Amino acid sequence: MQDFKYFTHGYSSNSRNSIYGLYQPVLNCFLIVFPDYASIGPKLAAILSSRYVLQPIRLDTADNYSHNIIDNEICELWTISNLNDISPNDLITKANILLADRLIPTTPIELIQIEKEKQWAQFCLFWLRFIRLESQFNAAGLWIDNQIGNLDIFNVFEPILFPNYREFVTKTMSLLYLGQDLEKTEQAILDLVNNTDDFLPDRFNKFLKEYK
Amino acid sequence: MNQQKILQIHSSKLTHEKILPFLKNGWSQYNWQNISDTNKIAESTNMLMGRFGDNVFPFRTDAIDSCNIKPPAYDSSFTKTFADITDEQCQQWLKEKTDRPWLIFWSGGIDSTVIVASILKNSTAAERENIYVACNRASIYELPRFFYNHVQPNFKLIPTPDSCKQPLDELYHVIDGEFADQLYSSGIGWELLRLCPDSLTSDFRRDPDLLLNQLASRTNKNFATWYYEHILDNINSSNLPIETYHDFYWWLFFNYHYTDVYLRLREKAVANKYSPRWFATNEYQQWAMNNNQIGTKYTLNLGDSKLASKQYIYDFDHDEYCRVFKIKSKSRLLFYKLKLDKEFCTLDDFSKLYVDCDLERILELLPDYIKS
């Protein structure tokens, strides 16, 4: 797993940062862990919802949490003790963050190739982080962080300043949301990177190089 | 003016302080607190009017008789599969129901997706010219790949109407996924699956403790015992093979929740009198009565609820994610924006009466068999 191009361990070098995981109820395990939930987490869960529902869970509240026992290398081997607090039938409409009481070892139900799903989740996380970085750089791109989604209040600026970039974001999100094959989706997004704005390929290469 | 009649009383309202003094007293059959608490078993649904077996609660089955929603007599020799029934029904309806266009309410949930898959499997492009699909953004979020690969390219789409002045079924054959929950065990049993994976296949007569605990967790121990014994009496009188925890929960929905769903649908403005009910046919009900074994309707995996329906969709679109991960969601609530009214009762003209504004009329119509 560590050889995967987009792999990160999923914990922060700052031990005071909270750590979150996305838990899949059918598989009864975590598919990904990461620290930057506030900025990325809801978007990542929404992108992945085209495949399955996910419950966001704060992991560092578990009394036995340590990044030595759960990271993206082995997150599928863990579940939590307070599963009763999860209502899988509600996750499509609301997914409040659940605080883990205790991490419990589990053997995931191999209904699907979990390693591939973990890679897909990491791949999506990478692109969401890249888009967010670019959005922050392009100050007018604050709209991407707008959780309300459909507010058009920033559109008055976008078409003038970054019309191509905005299209890049929209198309990338669609590719991630509907994509199934990682290699094909990656190629389609890289094509967008190379054909959208002159600044994007360099930014992408720099971001990827520094990602891990 | 004809004398109106109460078809169904909302159980949670029976203990209302303005109603309770007028009800018969008694500990077992007329335990109004327990009867009211039946409402807590499955998200504010009425589960008091059984279609099958002895009537163990103090309500007559006027709604079942007047709405003609009795189940077919159990036939243990019935062998058709879910896929057989679905395909045959679709082919038959395509031949028969040609007087008006069809309007399929697609919520993106499993049940309405079975209908859309069946139409795509069994119809010609020319037949689909006369079929519309009503959906909204929530439907697409529920099953985006199915929408983009199958719904959008093949049907004319209209946004889901929240309400309309003219009932849509005067213009269309309005078809939705209602009554499919009643073929399966809906969501209640799946809570047990997480707590105790093997429990769904346990014999509820021989080993009822976990079942009683789950019922008690929604109310209290006294209620759990009272309810279990009443339902057991009803099940024993039905002569159907109902043996496991799964079967018990299925029975609640198949036998008791059915009437509530029927009356709820009558209250929706979109589809009243004429709409055919895809999953309410005798053949589907016969299938439901004959296929409670593990591996057909369910397995012990959370993702395998409504297994036969999901397998039907998978055989059509080969989407492994839908097959493995799609679980029952509250798509209907997102889709219809149903108002969950807290009426006291529904009358035989499907109007409702409310304690706060219709008390006098309610007391006048309260049936003698529950009035003190």
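Pairs spanning more than 24 Å between alpha-carbon atoms, out of A:K43/B:K306; B:K70/B:K310; B:K13/B:K70; B:K95/B:K306; A:K118/A:K171; A:K118/B:K326: A:K43/B:K306; B:K70/B:K310; B:K13/B:K70; B:K95/B:K306.
Using a cutoff of 8 angstrom between alpha carbon atoms and counting only pairs six or more residues apart, the relative contact order for region A:20-112 works out to 36 percent. Applying the criteria of a DSSP loop state and at most 16 other Cβ atoms within 10 Å to the GluC sites (Glu not before Pro) of region B:1-107 yields B:E17, B:E43. Per-residue shielding of A:48-58, expressed as the average number of other chain Cβ atoms within 10 Å of the residue Cβ, stands at 3. Counting only residues at least eight positions apart within a chain, or on another chain, the aspartates and glutamates with an alpha carbon under 15 Å from that of A:K206 are A:E134, A:D198. Relative contact order for chain B using alpha-carbon pairs under 8 Å, separation at least 6, rounded to a whole percent? Over chain B, the number comes to 28 percent.
Between rounded, prolate and oblate, where does the protein assembly as shown land on the alpha carbon gyration tensor, with a ≥ b ≥ c its root eigenvalues, rounded for a/c under 1.5, else prolate if a/b exceeds b/c? Prolate.
Could you line up B:W32, B:W250 from fewest to most neighbouring Cβ atoms inside 10 Å? Could you put the intermediate results ahead of the total?
Values: B:W32 19, B:W250 25.
Exposure proxy ranking, most exposed first: B:W32, B:W250.
Backbone geometry of region A:116-132 corresponds, through the Karplus equation with coefficients 6.51, -1.76 and 1.60 at θ = phi - 60°, to 3J(HN,Hα) couplings of 5, 5, 4, 5, 4, 5, 5, 4, 5, 4, 4, 5, 5, 5, 5, 4, 5 Hz, x marking Gly and Pro. Computing FRET efficiency as 1/(1 + (r/R0)^6) for B:Y354 and B:S76, where r is the C-beta to C-beta distance and R0 is 45 Å, gives about 0.50. Of the residues B:L263, A:T79, B:S351, the one whose Cα sits farthest toward the positive end of the charge dipole of the protein assembly as shown, with +1 on the Cβ of Lys and Arg and -1 on the Cβ of Asp and Glu, is B:S351. Summarising the amide proton neighbourhood of B:H173: residues at separation of 5 or more, or on other chains, whose placed amide H is nearer than 5 Å comprise B:W102, B:L103.
Of the residues B:Q152, B:L366, B:T86, the one whose Cα sits farthest towards the positive end of the charge dipole of the protein assembly as shown is B:L366 (charges of +1 on Lys and Arg Cβ, -1 on Asp and Glu Cβ, taken about the Cα centre). Within the same chain, aspartates and glutamates fewer than 8 places from B:K342 are excluded, and of the rest, those with a Cα less than 16 Å from its Cα are B:E17, B:D37, B:E43, B:D260, B:E267, B:D356, B:D358.
Rounded to the nearest 0.05, the FRET efficiency derived from the C-beta distance between B:N282 and A:D181 at R0 = 60 Å is 0.85. Less than 5 angstrom separates the built amide H of A:W78 from those of A:F30, A:T106, all sequence-distant by 5 or more or on a different chain.
How would you classify region B:43-108 from its alpha-carbon gyration tensor, with a ≥ b ≥ c the square roots of the eigenvalues: rounded for a/c under 1.5, else prolate if a/b is greater than b/c, otherwise oblate? Here region B:43-108 falls in the prolate category. Residues whose amide H lies under 5 Å from that of B:S202, counting only those 5 or more places away or on a different chain, are B:Y245, B:H246; hydrogens are built 1.01 Å from N in the peptide plane. Under a Gaussian network description of chain B, with springs only between Cα atoms under 10 Å, the residue in B:F279, B:F147, B:F179 that fluctuates furthest is B:F147.
Rounded to the nearest 500, what is chain B's calculated 222 nm mean residue ellipticity when only DSSP H runs of at least 4 contribute -39500 (n - 2.57) each, over all residues? Mind dumping the intermediate values first?
Numbers: 16 runs with 146 residues, N = 372.
Counting only the DSSP helices, I get -11000 deg cm²/dmol.
Counting every alpha-carbon pair across chain B, the share separated by more than 33 Å comes to 32%.
Net charge dipole, the protein assembly as shown: roughly 680 debye, given to the nearest 20, about the Cα centre with Cβ charges of +1 for Lys and Arg and -1 for Asp and Glu.
Within region A:44-96, report the trypsin sites (Lys or Arg not before Pro) that DSSP leaves as loop and that have at most 12 other Cβ atoms within 10 Å. Could the numbers behind the result be given before it?
Values: sites: A:R51, A:R58, A:K94; in loops: A:R51, A:K94.
Hits after loop and neighbour filter: A:K94.
Express the relative contact order of region B:37-154 as a whole percentage, based on alpha carbon pairs under 8 Å and six or more residues apart in sequence. Over region B:37-154, the number comes to 19 percent. A Stokes-Einstein calculation at 20 °C with viscosity 1.002 mPa s, built on the Kirkwood radius of region A:20-112 over Cα pairs, returns a diffusion coefficient of 164 µm²/s. Can you bin region B:1-152 into rounded, prolate or oblate? Criterion: square roots of the alpha carbon gyration tensor eigenvalues sorted a ≥ b ≥ c, rounded for a/c under 1.5, prolate for a/b above b/c, oblate for the rest. Judged from the Cα gyration tensor, region B:1-152 comes out prolate (a/c at least 1.5, a/b above b/c).
Coordinate-derived values only; no laboratory data. The model shown is predicted, which means the values in this text are computed figures rather than measured ones. Glycine also receives a Cβ, built like all others from the backbone with ideal geometry; neighbour counts cover every protein chain displayed.
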